[in-house]
Amino acid sequence: MNLSPLQMAARTTLPADRPAVPPISGRTAVDTIAFMNVNVVPLDREGVLPDQSVLVHDGRIVGMGPAADIPISESVTRIEGEGRYLIPGLFDMHSHLLSDDRIADDHAGAELAVILANGVTSIRIPIGKPEHLEYRKRIAAGEMIGPALHVGSPQIAGRAFGSVFNGREVETAEQARQAVRDFHAEGYDFIKLTFFISEEVYAAAVETAAELGIRVVGHVGPQVRLARALVAGQQIEHLDQYLEAMLPEDAPTRNSLSGIGIWQRPNWESLDYIDEAKIADLARATVEAGVWNTPTLAFLNSSFGTGRSDRQIAESPDYGFVSAEVREELLRGRDVYWSNPPPEERRLRYVELRNRLTRALYDAGAKLMAGSDAPEWMLLYGFTLHRELESLVEAGLPPRAALEAATRNPAEWLGVLDESGTIEVGKRADLVLLSANPLEKISNTRRIEGVMLGGQWLSRIALDFLLDRSAAELSQASLRDAPESDSE
Ligand SMILES: [Zn+2]
């Protein structure tokens, strides 16, 4: 990048290859802001750095060190950090929006604000559409407030499903190749696979993606199976096909609980034949293949395993962010499933096995990323990323590893680790200030005192304003395909 001498002079505190982060929504981010006496959880090294000054200018971290070593001039805006903890902005690697399909597109801004107010400064939208590419551009340019967006392609599926199918039906190898070429050319960040994918379509999709240098992410179906996905180097969502890979060859049933298979009650019988001794081998094979997983434990474990009562749902913080008719729509699947659920013993076994597998993957050195799968079943975006961190710790990960799954690991996978994911001089100032130490108790990530997005400071008061405004809007949002009212 070529800078004029004047530009160079204006940026003496920044490396020359670090452009200023664009301001948010036309508001200036060029002010210099300092976090004073704060405990930093940098995540590029072990532990906590106590009593630090962190200096932010032009949207980037330009200085960090013991308070005595970092001179802070009088004109700098100060944020008191004593007794507080500064962590990198969080990533949610699997978050849909209600405006993807259920409510109108013009509610996306309110949704992204909810995510941001939860300390989530980057998200990956697994199933993208053209509007997401537009938001991605506007957010990066500072014209729209929201987390940095990483956008998957419309879903590639063997056949269309759902009331709004945001994807492409692909039945042949040639259709698969064309779909991958088209989505790559349209500017999506990765290729998303979902259901009913044949072996032939899979092979064509992963080969074409490899030729184009775009990665494949998503479900693994029963026709593809885990071993094939590991060979392909696919980034796997939901731990799909892992349980099936734990079945012995002579198991009386191999019916899949991955993807849509979980809805079939008879499929749950396969859990009785699982050979847990295979877990360690699968974890090793995953490491050797270099395959990363987004387990989405909170969503799957609570939705299909332990369940959530009406009261728990009504008392959850996300409840007020949807209208009654959207809520009903989001809970329709839950109501069907829980009207005749599999036996409790099998459901708890499902949770236990998923947790053990997650822990084994971590122990073996396989890379994990936090993803919420919000807003399915009323587990809304933002809030559910914190549930996922807690679920990862319940599965046996140390809090630090859970935090890495929502910071440096996603940044590494997304190829933005030189920009974000840890707290280091030169990086974008995407930061979250907490009132307590998340390494001692992971749920402390919920205790947010403020969020910094590209150098723009959003205090608790500002975050509450964003949340209130979004709740007011989203609680009135109607379903896209709402029936005509009787009065018309
Ligand atoms: Zn999803």
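Can you tell me which residue in region 101-124 is nearest to the ligand (Cβ to nearest atom), limited to those that are of a type in the set (D, E, K, R) and surrounded by fewer than 19 Cβ atoms within 10 Å (Cβ to Cβ)? Walk me through how you get there before you give the answer.
We begin by selecting, within region 101-124, every residue of a type in the set (D, E, K, R); these are 101-102, 105-106, 111, 124.
Narrowing the set further to residues that are surrounded by fewer than 19 Cβ atoms within 10 Å (Cβ to Cβ) leaves 101, 105-106.
Numbers: 101: 12, 105: 19, 106: 22 Å.
Residue satisfying both the conditions and the ranking: 101.
For every residue, the table says whether it meets (1) assigned by TED's automatic domain parsing to the domain that holds residue 99; (2) of a type in the set (Phe, Trp, Tyr); (3) surrounded by 15 or more Cβ atoms within 10 Å (Cβ to Cβ); (4) assigned to a loop (DSSP other than H, G, I, E, B).
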residue: 127; (1), (2), (3), (4): yes, no, yes, yes
residue: 131; (1), (2), (3), (4): yes, no, yes, no
residue: 137; (1), (2), (3), (4): yes, no, no, no
residue: 145; (1), (2), (3), (4): yes, no, yes, yes
residue: 162; (1), (2), (3), (4): yes, no, no, yes
residue: 175; (1), (2), (3), (4): yes, no, yes, no
residue: 179; (1), (2), (3), (4): yes, no, yes, no
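Of the conditions (1) charged (D, E, K, R); (2) touching a helix residue (DSSP H, G or I) at 6+ places or on another chain (Cβ under 8 Å); (3) at pLDDT below 95, residue 469 fails just one. Which one is it?
Here residue 469 clears every test but (3).
Any residue that is among the aliphatic types (A, V, I, L, M) and within 16 Å of the ligand (Cβ to nearest atom) - is there at least one of those in region 318-331? First the steps, then the outcome.
Residues of region 318-331 that are among the aliphatic types (A, V, I, L, M), as a first pass: 322, 324, 326, 330-331.
Remaining after also requiring within 16 Å of the ligand (Cβ to nearest atom): 330.
Yes, region 318-331 contains at least one residue that is among the aliphatic types (A, V, I, L, M) and within 16 Å of the ligand (Cβ to nearest atom).
Residues in region 207-234 that are closer than 21 Å to residue 125 by Cβ and away from the ligand (no atom under 16 Å from the Cβ): how many?
So the answer is 5.
For region 320-349: of the residues being touching a Ser or Thr at 6+ places or on another chain (Cβ under 8 Å) and charged (D, E, K, R), which is nearest to residue 305 (Cα to Cα)?
Just the residues of region 320-349 that are touching a Ser or Thr at 6+ places or on another chain (Cβ under 8 Å), to begin with: 320-323, 325-326, 334, 337, 347-348.
Now restrict to residues that are charged (D, E, K, R): 325, 334, 347.
Details: 325: 25, 334: 12, 347: 5 Å.
That would be 347.
Collect the residues in region 378-405 that are of a type in the set (Gly, Ala, Ser) and away from the ligand (no atom under 16 Å from the Cβ), keeping them in residue-number order.
395, 396, 401, 402, 405
Can you work out which of the residues in region 358-377 that are crowded, with 24+ Cβ neighbours inside 10 Å and in a helix (DSSP H, G or I) is farthest from the ligand (Cβ to nearest atom)?
361
In region 280-318, how many are surrounded by 17 or more Cβ atoms within 10 Å (Cβ to Cβ) and either closer than 18 Å to residue 237 by Cα or among the aromatic types (Phe, Trp, Tyr) (or both)?
20
Yes/no matrix, rows are residues, columns are (1) crowded, with 19+ Cβ neighbours inside 10 Å; (2) within 16 Å of the ligand (Cβ to nearest atom); (3) part of a helix (DSSP H, G or I):
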| residue | (1), (2), (3) |
| --- | --- |
| 236 | yes, yes, no |
| 243 | yes, no, yes |
| 248 | no, no, no |
| 266 | no, no, yes |
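Please specify each residue of region 208-257 satisfying the condition of being on the phi > 0 side of the Ramachandran plot and small (Gly, Ala, Ser). Even if it seems obvious, please write down each step before you answer.
Taking region 208-257 as the starting set, the residues that turn out to be on the phi > 0 side of the Ramachandran plot are 213, 218, 225, 233, 238-239, 241.
Answer for region 208-257, where residues must be on the phi > 0 side of the Ramachandran plot and small (Gly, Ala, Ser): 213, 218, 233.
When the residues of region 125-149 are filtered to those that are at pLDDT 95 or above and in contact with a Ser or Thr (Cβ under 7 Å, 6 or more places away or on another chain), which remaining residue is nearest to the ligand (Cβ to nearest atom)?
Checked region 125-149; the qualifying residue nearest to the ligand (Cβ to nearest atom) is 125.
How many residues does region 279-311 contain that are closer than 20 Å to residue 344 by Cα and touching a helix residue (DSSP H, G or I) at 6+ places or on another chain (Cβ under 9 Å)?
12
Between a residue in region 147-169 that is β-branched (Val, Ile, Thr) and any residue that is in a strand (DSSP E or B), which pairs come within a Cβ distance under 7 Å, given they are 6 or more apart or on different chains?
Sorted first by the residue in region 147-169, then by its partner, the pairs are 151/125; 156/167; 156/168; 156/191; 156/192; 156/193.
Considering each residue of region 130-154, count those that are in contact with a helix residue (DSSP H, G or I) (Cβ under 7 Å, 6 or more places away or on another chain) and either under 21 Å from residue 165 (Cα atoms) or of a type in the set (A, V, I, L, M, F, W, C) (or both), and give that number. Walk me through it before giving the result.
At the first step, the residues of region 130-154 found to be in contact with a helix residue (DSSP H, G or I) (Cβ under 7 Å, 6 or more places away or on another chain) are 131, 135, 144-151, 153-154.
This time we only want the ones that are either under 21 Å from residue 165 (Cα atoms) or of a type in the set (A, V, I, L, M, F, W, C) (or both), so: 131, 135, 144-145, 148-151, 153-154.
Result for region 130-154: 10.
Is there a residue being at pLDDT 95 or above, in a helix (DSSP H, G or I) and away from the ligand (no atom under 16 Å from the Cβ) anywhere in region 295-308?
Within region 295-308 (the criterion being at pLDDT 95 or above, in a helix (DSSP H, G or I) and away from the ligand (no atom under 16 Å from the Cβ)), the answer is yes, since at least one residue qualifies.
Mind telling me which of the residues 356, 346, 334 ends up being charged (D, E, K, R) and out of contact with any Phe, Trp or Tyr (no Cβ under 6 Å at 6 or more places or on another chain)?
Working: 346 fails: out of contact with any Phe, Trp or Tyr (no Cβ under 6 Å at 6 or more places or on another chain); 334 fails: out of contact with any Phe, Trp or Tyr (no Cβ under 6 Å at 6 or more places or on another chain).
Going through 356, 346, 334 in turn, just one is charged (D, E, K, R) and out of contact with any Phe, Trp or Tyr (no Cβ under 6 Å at 6 or more places or on another chain): 356.
Please list, ordered by first then second residue, the pairs with beta carbon atoms under 8 Å, 6 or more apart or interchain, first in region 238-257 and touching a residue at least 60 places away in the same chain (Cβ under 8 Å), second away from the ligand (no atom under 16 Å from the Cβ) and among the acidic types (Asp, Glu).
From residues that are touching a residue at least 60 places away in the same chain (Cβ under 8 Å), the pairs are 246/275; 246/276; 257/244.
Select from region 77-100 the residues that are aliphatic (A, V, I, L, M) and away from the ligand (no atom under 16 Å from the Cβ) and write down the one among them that is farthest from residue 132 (Cα to Cα). Steps first, answer last, please.
First, pick out the residues of region 77-100 that are aliphatic (A, V, I, L, M): 79, 86-87, 90, 93, 97-98.
Within this subset, residues satisfying the condition of being away from the ligand (no atom under 16 Å from the Cβ) are 79, 86-87, 90.
Numbers: 79: 33, 86: 30, 87: 27, 90: 20 Å.
Looking at residues that are aliphatic (A, V, I, L, M) and away from the ligand (no atom under 16 Å from the Cβ), I get 79.
The values are calculated or read from the model by the stated rules, or taken from the named source; none is laboratory data. Small disclaimer: the values here were computed from a predicted structure and weren't measured. Note that each Cβ is placed from the backbone with ideal geometry, even for glycine, and that neighbours are counted across all protein chains shown.
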